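Only one structure is covered here, and it is reproduced in the block below.
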Amino acid sequence: EYSNLLWTTTGTGVYDDNTILTPSYTLSSVDKLSSSLTLTLTAYGNGSCTDTSANFLLSIKQLSTIKGNITYSGGVVTSGYVKLIEHVVNSEANLIDSVIIDGSGNYEFIDVSTGDYIISATADTNTYSNTITTYYEDSYFWDSASIFTVQYCDSIYENADITVIEILPELTGFATIS
């Protein structure tokens with residue numbers, strides 16, 4: 001038996017209650033820059049029992065950011081969305097995130113793990129009526145899209161740009177060729 005418990009850390013984050021058996025620990029901004037920290041639980045003995053401690057190593061995975069710009073033949077696309085899809089060979093696609101294109105044509109995915117991804121951009125068809133969903137490296141079909149690889153943790157991948165493909169409107173009327 002123990003008389004009470006105490007959680008401590010080598011980090012600078014905070015516990016919601018460091019005197020209970022299963023508290024929540026919130027990483028600080030300093031903790032997030034570390035590769036690991038130690039959480040220690042100490043049980044203080046009751047009566048003839050001695051104090052005892054156990055250490056838990058918490059590994060912190062640094063995540064990456066992917067940024068890009070969406071354009072079309074007339075300039076910057078200012079409305080629409082971009083999807084980040086996990087690419088796993090011989091497996092179903094897994095949507096990781098979807099973000100809105102900002103007013104400058106930019107998008108950003110944060111907290112991206114290492115891996116292979118397909119990125120798709122869809123312009124708002126109310127504004128860009130002749131555009132179609134386009135995949136990274138300007139592909140019309142998802143299965144011919146270039147795979148975007150995040151190789152390193154804690155990196156910023158910029159210039160994941162996409163030029164949205166436009167379909168010409170069908171022309172109607174009469175013409176002659178002479």
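The values are calculated or read from the model by the stated rules, or taken from the named source; none is laboratory data. Every value quoted in this text rests on a predicted model; they were computed, and no experiment measured them. We place every Cβ from the backbone using ideal geometry, glycine too, and count neighbours over all the protein chains shown. Only protein heavy atoms, including side chains, enter the accessible area calculation; ligands, DNA and RNA are left aside. Shrake-Rupley method; radii C 1.70, N 1.55, O 1.52, S 1.80 Å.
Assorted remarks:
- Derived scalar couplings between HN and Hα for region 8-19 equal 10, 8, 7, x, 10, x, 10, 8, 6, 7, 7, 10 Hz in order, rounded to whole Hz, by the Karplus curve 6.51 cos²θ - 1.76 cosθ + 1.60 (θ = phi - 60°), x for Gly and Pro.
- Percentage of interatomic Cα-Cα distances in region 101-141 larger than 16 Å: 49 percent
- For residue 98 and residue 60, the FRET efficiency from 1/(1 + (r/R0)^6), where r spans their Cβ atoms and R0 equals 35 Å, is about 0.85.
- Using just its DSSP H runs of length 4 or more, each adding -39500 (n - 2.57), the chain gives a mean residue ellipticity at 222 nm of -500 deg cm²/dmol after division by all residues.
- Rg to Rh, two decimals, where the chain supplies the alpha carbon set and Rh follows Kirkwood: 1.27
- Mean-position separation - Cα centroids, region 118-178 and region 36-60, in angstrom: 54 Å
- Taking 0.36 nm per residue of sequence separation and removing the Cα-Cα distance, the residue 53/residue 10 pair yields an extension gain of 14.1 nm.
- Furthest towards positive pole of dipole, 27, 153, 85, structure part the chain, Cβ charges: 27
- The chain - percent of accessible surface contributed by carbon and sulfur, probe 1.4 Å: 50 percent
- Using the average count of surrounding beta-carbon atoms within 10 Å as a protection proxy, the listed peptides 13-24, 116-127 rank, highest first, as 116-127, 13-24.
- Solvent exposure of region 52-96, expressed per residue, is 60 Å² of accessible area, with all protein chains present and a 1.4 angstrom probe.
- Residues with amide H under 5 Å from that of residue 157, placed H, sequence gap 5 or more: 65, 66, 67
- Pairwise FRET efficiency - residue 19 versus residue 156, Cβ, R0 = 35 Å, nearest 0.05: 0.30
- Loop GluC sites (Glu not before Pro), region 22-117, which have at most 15 other Cβ atoms in a 10 Å radius of their Cβ (DSSP): 92
- Tail weight of P(r) past 16 Å, computed on alpha-carbon pairs of region 133-178, percent: 60 percent
- Normalised by the number of residues in the chain, the mean separation of alpha-carbon contacts (under 8 Å, six or more apart) gives a relative contact order of 19 percent.
- Trypsin sites (Lys or Arg not before Pro) within region 1-86, DSSP loop, no more than 14 other Cβ atoms inside 10 Å: 61
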